[in-house]
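Presented below is the structure to which this report refers.
Quick note: the coordinates plus some simple rules give every number you see, no bench work behind them. Note that the structure is predicted; figures quoted are calculated from it, not measured. Using ideal geometry, Cβ is built from the backbone for each residue, glycine included, and neighbour counts are taken over all protein chains shown.
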Ligand SMILES: [Fe+2]
């Protein structure tokens, strides 16, 4: 539970306008739950019914349990990425990315993930949003499990993250207490061997649409290389225009429930499919969209295993 001083601290960082819009939006979306669902298929009440039907469907096929277990089949993905302007001091710099933890929905409460993370050495860890399973409701379990998971991360330059469409602004103090510094249209500078790299992050562009690239990149020095964290790839063209070198994002879950060959049925993002999973390039910018470390909606995965991503910069 946040007190007045927590909100004041967040307001100082975000600005009054941003915080007001965030809170109003959160309340408006939660209030929808207490109104009649109507005929909209995408109303939250109908989404719950849809997930129940989906569960019954997979149970009838005899593959539901398998789908749940697939959520724990974490695949380590090593991604070498050649960034033109990368200073020599950052060659072989290792960036661990976790995305879409949806922590309170992990079938084993994060035990296997934690064990895997204990064996990974990295220079920096980034978490690209969606800490909670639902888009509303209580969040204590999500915060507790997230804290437990990130306590296993060993990252020389720290852990940074952005909020996704499942996250409330109230998560910020809790996550920062757990050692995850949130970038809310903000940036920090990573220094190594006398050179620097700007790590910027934006507030959720998908549902809350409160991303501000200009503000996030405000502190970039002339010619400085920049990595941008965004929950979703949907801002790919704006990020490229803003001169971002590498965009790290998630949100799509790679489809989560796919056809053989990792062919997503639904991408849940307003952008071309080629930007919805894995490494991609748009004009002068590289991008990577994680298939997600956790799962949401109905916590099952088919032909789309969750991932722990290690970006090796060169
Ligand atoms: Fe997600």
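Tabulated values for the structure
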| read-out | value |
| --- | --- |
| Kirkwood Rh in Å, taken over the stretch 43-168 so that all alpha-carbon pairs contribute | 16.7 |
| Spatial extent of the stretch 159-314: Rg and Dmax, with the Cα atoms as the point set, Å | 15.6, 48 |
| Peptides ranked, highest mean first, by Cβ atoms within 10 Å: ranges 304-314, 109-119 | 304-314, 109-119 |
| Linear extension gain, residue 266 paired with residue 63, 0.36 nm per residue minus alpha-carbon span | 71.1 nm |
| Counting DSSP beta bridges with both ends in the chain, the antiparallel % (nearest 5) | 35 |
| q = 0.17, 0.23, 0.24, 0.28 Å⁻¹, the stretch 101-155: log10 I(q)/I(0) [Debye, one scatterer per Cα] | -0.52, -0.88, -0.94, -1.15 |
| Spherically averaged projected area in nm², based on the convex hull that wraps the Cα atoms of the stretch 63-137 | 7.1 |
| nm² value of the averaged projected area, convex hull over the Cα atoms of the stretch 4-313 | 16.0 |
| Helical mean residue ellipticity (222 nm; -39500 (n - 2.57) per DSSP H run of 4+; nearest 500) of the chain | -8000 deg cm²/dmol |
| Over the stretch 115-190, equivalent-ellipsoid semi-axes from the Cα gyration tensor in Å | 21, 16, 9 |
| Value of Rg/Rh across the stretch 218-291 [Cα atoms, Kirkwood radius] | 1.03 |
